[in-house]
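The values are calculated or read from the model by the stated rules, or taken from the named source; none is laboratory data. From a predicted model like this one, the values you see are computed outputs, not experimental measurements. Backbone-built Cβ (ideal geometry, glycine too); neighbour counts: all protein chains shown. Side chains are part of the model used for accessible areas, which takes the heavy atoms of the whole protein and leaves out ligands, DNA and RNA. Shrake-Rupley method; radii C 1.70, N 1.55, O 1.52, S 1.80 Å.
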Amino acid sequence: MKRFALAAAAVCVLAAVAVPAAVQAWGNTGHRLIGIAAVRALPDDMPAFLRTPGAAADIGELAREPDRWKGGGQPHDRERDTAHFVDMDDNGFIMSAAGPSIDALPRLKSEYDAALTTAGLDVNDAGYLPYAIWDGYQNLVRDFAYWRVLNAQEARETDPARKEWYRVDRERREALILRDMGVLGHYIGDGSQPHHTTIHYNGWDRNTPNPEGFTTSRQTHSLFEGAFTAKVARLDAIEAAMTAPQLDGFDLRARVPAYLRETLSQVTPFYRLEKAGGFGDGDARGAEFTIARLAAGASELRDFYILAWRDSADDSIGWPAVKVAEVEAGTADPWLAMIGED
């Protein structure tokens, strides 16, 4: 519970100094811009319904959705709140050297929880961001696989009633895809914010050595990702800082830990910059750091959208299962798989 009690206290402080109080994860501005930038960078071979200003705006708003879920009560909040972060020590172990390494996480979240418990660590304090990203990616692959089948069969179906069903279900699937792209975007965005990958998530952890004398202020996290980011973040700057797509040799299980490790490597630079006054008014260093982190999130999110689309071509859907590639080639009729055989 420690992270959320501190976050609530920080919101109270922010309200008192008249800056925006709705500060969660990257804050509304950060998450929105990461989602928009990622969608605007999609290639032409992605579905046309995604490559529109409206889709970019929708996904930008829906990238805020996991924060807007909060406040639903228990068990809803307890199970979802810990998806937003993973607290690593400076060497990439979850919580402490007794916890699992980010590079050798168990296959299932239940196994991860058990490993933490065995190590005497609190599951709720540790967070499970890698599993939220894995789950969100796999869900989006399924969305795209269904859309491929619906789109292909709608175009060639000769029965008017079935053709209409495919059209309507395709439109339903497109709405789901936008929503699920937003949710995945939120968690990948969280993964680019250094405070969401570290035990030093809100000021330097007071229970660990602090030889450089970094701040231990419990306002650090919220002030950075909310008010400061809202002040300096610009879409054009984020897009200019995005890296080239990294799509070759994709391994989902390895890619996510590597991404989170890279973000972890920015924790100490953040605290050094904060100590040097880099987040003060008019100091370009803080703005550059923030833009770089937002661009890292947008770049990774763009890549995951492209990779999910590509992976969906090799999927199978429905029951009895039908291969996406066979439907797209016109060699399989997906009607029973799509409508369902009771």
If R261 passes every condition in (1) among the charged types (D, E, K, R); (2) in contact (Cβ under 8 Å) with a residue 40 or more places away in the chain; (3) crowded, with 17+ Cβ neighbours inside 10 Å but one, which one does it miss? (3)
Is it fair to say F270 is in a loop (DSSP other than H, G, I, E, B) and surrounded by 14 or more Cβ atoms within 10 Å (Cβ to Cβ)? no
Exactly one condition in (1) surrounded by 18 or more Cβ atoms within 10 Å (Cβ to Cβ); (2) of a type in the set (D, E, K, R); (3) touching a residue at least 60 places away in the same chain (Cβ under 8 Å); (4) within 24 Å of T197 (Cβ to Cβ) is false for E65; which is it? (1)
Filtering the stretch 94-106 down to residues that are in contact (Cβ under 8 Å) with a residue 24 or more places away in the chain and either small (G, A, S) or not in a helix (DSSP H, G or I) (or both), which residue is farthest from H200 (Cα to Cα)? L105
How about the stretch 108-121: which of its residues are surrounded by 13 or more Cβ atoms within 10 Å (Cβ to Cβ) and in a loop (DSSP other than H, G, I, E, B)? A119, L121
Is there a residue in the stretch 326-338 that is in contact with a strand residue (DSSP E or B) (Cβ under 9 Å, 6 or more places away or on another chain), charged (D, E, K, R) and assigned to a loop (DSSP other than H, G, I, E, B)? yes
Close pairs (8 angstrom Cβ cut-off, 6 or more residues apart or separate chains): assigned to a helix (DSSP H, G or I) in the stretch 148-162, surrounded by 10 or more Cβ atoms within 10 Å (Cβ to Cβ) and among the polar types (S, T, N, Q) anywhere: R148/S312
Can you confirm whether the stretch 103-112 contains a residue that is modelled with pLDDT of 95 or more, among the acidic types (D, E) and within 30 Å of A295 (Cα to Cα)? yes
May I ask you to list the residues in the stretch 292-321 that are over 19 Å from D248 (Cβ atoms), crowded, with 20+ Cβ neighbours inside 10 Å and more than 17 Å from the chain's Cα centre (by Cα)? I317
Restricting to the stretch 72-105, give me the number of residues that are under 20 Å from the mean Cα position of the chain (by Cα) and either open to solvent by less than 20 Å² (accessible area, probe 1.4 Å) or not aliphatic (A, V, I, L, M) (or both). 17
Could you check the stretch 217-252 and list, in sequence order, the residues that are assigned to a loop (DSSP other than H, G, I, E, B), closer than 27 Å to N28 by Cβ and open to solvent by less than 50 Å² (accessible area, probe 1.4 Å)? S217, A233, M242
I'd like to check something: does the stretch 53-66 contain any residue that is at pLDDT 95 or above, in contact with a Gly (Cβ under 9 Å, 6 or more places away or on another chain) and assigned to a loop (DSSP other than H, G, I, E, B)? yes
Residues V168, V149, V141: which one is buried (at least 23 other Cβ atoms within 10 Å of the Cβ), closer than 30 Å to L336 by Cβ and modelled with pLDDT of 95 or more? V149
Given the condition buried (at least 22 other Cβ atoms within 10 Å of the Cβ), assigned to a loop (DSSP other than H, G, I, E, B) and on the phi < 0 side of the Ramachandran plot, answer yes or no: does some residue in the stretch 179-192 qualify? yes
